[in-house]
Amino acid sequence: MSARFPDFRLGKVLATSFTGTLSERRGDAVERIPTPNRLVDWLVVSGLAVESCTTAQLERAWQLRESIHAAATAAARRDPLPVSAVQVINDCSIEGRAAAILSPEGNRQWRLGSASSVEDALGVIAADAISVIAGERDGKLALCASPTCQAAFFDTSQSRTRRWCDMNTCGNRQKKARFNASKQENPGSAK
């Protein structure tokens, strides 16, 4: 019987999707890549297929994830970027040997240096984080308004006023909490 892991929360931005593999950071944290095999699963669904992962590579992935989260959070708040986080992101970017390739359908894909190179996949994630944090994309970094989440996400909405990292989880949870609070304040109004 295999262990049941929480579903991945995938977004359109690789770097912030990666930081989302640890959610509810300010509440009951949910680790979505607790094992090397689960990191392999996440990389596969993210277009960075690798064959295997060691415990040391998983630990490096966690280090990169937390560095991206720290740097993205600082950037969203317009604070100075943490030097140690920048160093980890840069080191992972340099260590990777992935190449961007064009698919026959006209999409960018990544070719990793070897079939099992987690370092190459982490290099792609680090390079994506660099482009987001450096402001090279149309959008802005923001922090989830959920007090238990506070995830960094990349807001590409037209008004750049999105409040939740994921409307289906954090947004709905907050709307439900507001609804229940208003029901308690006005017990006869919501029938």
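One compactness figure for segment 1-102 is 1.11, namely its Cα radius of gyration divided by 2.2 N^0.38 Å. Under 5 Å from the amide H of Ile33 lies no amide H of any residue 5 or more positions distant or on a separate chain, with H modelled from the backbone and absent for Pro and chain starts.
The overall shape of segment 34-155, judged from the alpha-carbon gyration tensor, is prolate: a/c is not under 1.5, and a/b is greater than b/c.
Within segment 72-127, which trypsin sites (Lys or Arg not before Pro) sit in a loop by DSSP and count at most 14 neighbouring Cβ atoms inside 10 Å? The partial results should precede the final answer.
Values: sites: Arg77, Arg78, Arg97, Arg108, Arg111; in loops: Arg78, Arg97.
Passing sites in segment 72-127 are Arg78, Arg97.
Whole-Hz Karplus values for segment 42-58 come out as 5, 4, 4, 5, 9, x, 10, 4, 10, 7, 7, 8, 9, 4, 5, 5, 4 Hz, taken residue by residue from phi with 6.51 cos²θ - 1.76 cosθ + 1.60 and θ = phi - 60°; glycine and proline positions read x.
Dividing the alpha-carbon radius of gyration of segment 55-113 by 2.2 N^0.38 Å (N being the number of residues), what value is obtained? List each step's numbers first, then the result.
Values: Rg = 14.6 Å, N = 59, 2.2 N^0.38 = 10.4 Å.
It is 1.40.
Each value in this text was obtained by applying a stated rule to the coordinates, not by laboratory testing. Because the structure is predicted, anything quoted here is derived from the model rather than measured. So basically every Cβ, Gly included, is an ideal-geometry build from the backbone, and we count neighbours across all protein chains shown.
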